[in-house]
Structure formats: structure tokens, C-alpha cells
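See structure below.
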């Protein structure tokens with residue numbers, strides 16, 4: 001996504017692709033397949049309404065991956081806070097879970113070049129099959145290691 005953004009200096013052009021990954025608090029299996037597509041539509045609307053462009057959303061019952069083209073008129077942390085806050089409220093207001101729904105406190109974010117996007121989209125769209133063989137925890141730690149992100153495993157998830 002190459003874009004001229006509002007609220008930036010003339011001549012500012014960007015191509016920023018981000019995959020954000022985050023889990024249900026304590027990685028509980030709360031996102032039922034019966035309403036997950038509606039959640040993805042709601043997530044996409046939030047991202048797009050903020051001026052970004054959703055490219056792919058997928059996940060399982062306990063976590064989500066979002067690939068989007070990001071405009072530099074908003075910080076990533078501000079966008080993720082809004083996405084998680086608004087979707088948690090939407091899930092709770094619609095009583096989709098038996099109890100209170102919450103996302104984990106943090107998230108992972110990884111940048112990709114345009115040439116990598118088809119592979120990332122395919123990966124996101126095949127989350128159910130992928131996790132039939134591998135846990136989210138293992139996947140997430142592997143993503144951090146491959147991206148050479150410095151992290152302390154004690155603080156990856158709240159329940160470790």
C-alpha cells in the first residue's frame with residue numbers, strides 16, 4: 001500500500017505493512033466460530049475507519065492475526081489500544097461469551113515488504129489448519145525469534 005496520507009507534510013508517501021498478533025487473555029478459547037467472522041468484519045471496520053487498510057484477518061478460538069497497510073498519522077500502540085478496547089466492548093455488549101471477554105495486555109507487531117504479503121495472507125488465512133499441529137504459544141515465540149525481537153519470556157503472557 002503506497003499512500004499519501006492526511007495530516008502529513010506535502011510529499012510524504014509511505015508503504016508500511018504490519019501484522020499484529022494478540023490473544024484472548026490467558027489464551028482462553030473464547031472466540032467461537034459462530035461469531036468470529038462478524039468479529040473480523042468489526043475489526044476491519046475499526047482499522048479502516050482510522051484511515052488504515054485491512055488486508056487480512058484470521059485466527060483461532062484464542063488469538064487473532066491482522067495484516068494491514070498502516071498510515072503514519074496514528075501510532076501503532078494507539079491503533080491497537082483502540083482495536084482491542086472497541087472489540088472487547090462489542091463482544092461483551094453482544095454477550096458472545098459466558099463471562100467477561102478480555103484481550104491480553106500486549107501484542108506483537110511485525111513489518112513486511114510488499115513482496116512478502118501473499119505469503120503472510122496465506123499464513124493468516126490458514127490459522128485453523130496451522131494450529132491443528134502447533135500451539136499459539138509456540139507460534140508466537142517462534143515469530144518473535146525469527147524477527148529477532150528481544151523479549152523476556154516471563155512477560156510474554158500474563159499467566160506464565
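What follows draws every value from the coordinates through simple rules; no lab data is involved. Because the structure is predicted, anything quoted here is derived from the model rather than measured. Note that each Cβ is placed from the backbone with ideal geometry, even for glycine, and that neighbours are counted across all protein chains shown.
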By how many degrees, 0 to 90 and rounded to 10, does the Cα axis of helix 136-146 deviate from the longest principal axis of the chain? 30 degrees
Report the label-to-label distance for residue 12 and residue 116 in nanometres (one decimal), using points 7 Å from each Cα along the Cα→Cβ vector. 2.4 nm
Give me the orientation-averaged projected area of the Cα convex hull of segment 12-128, in nm², one decimal. 7.0 nm²
Thinking of segment 105-157 as a set of Cα atoms, what percent of all their pairs are more than 14 Å apart? 61 percent
Let me have the relative contact order for the chain, percent, based on Cα pairs under 8 Å that are six or more residues apart. 30 percent
To the nearest 10 degrees, the tilt of helix 33-49 (Cα long axis) against the first principal axis of the alpha carbons of the chain is 20 degrees
Taking R0 as 30 Å and r as the Cβ-Cβ distance between residue 85 and residue 149, the FRET efficiency 1/(1 + (r/R0)^6), rounded to the nearest 0.05, comes to 0.80
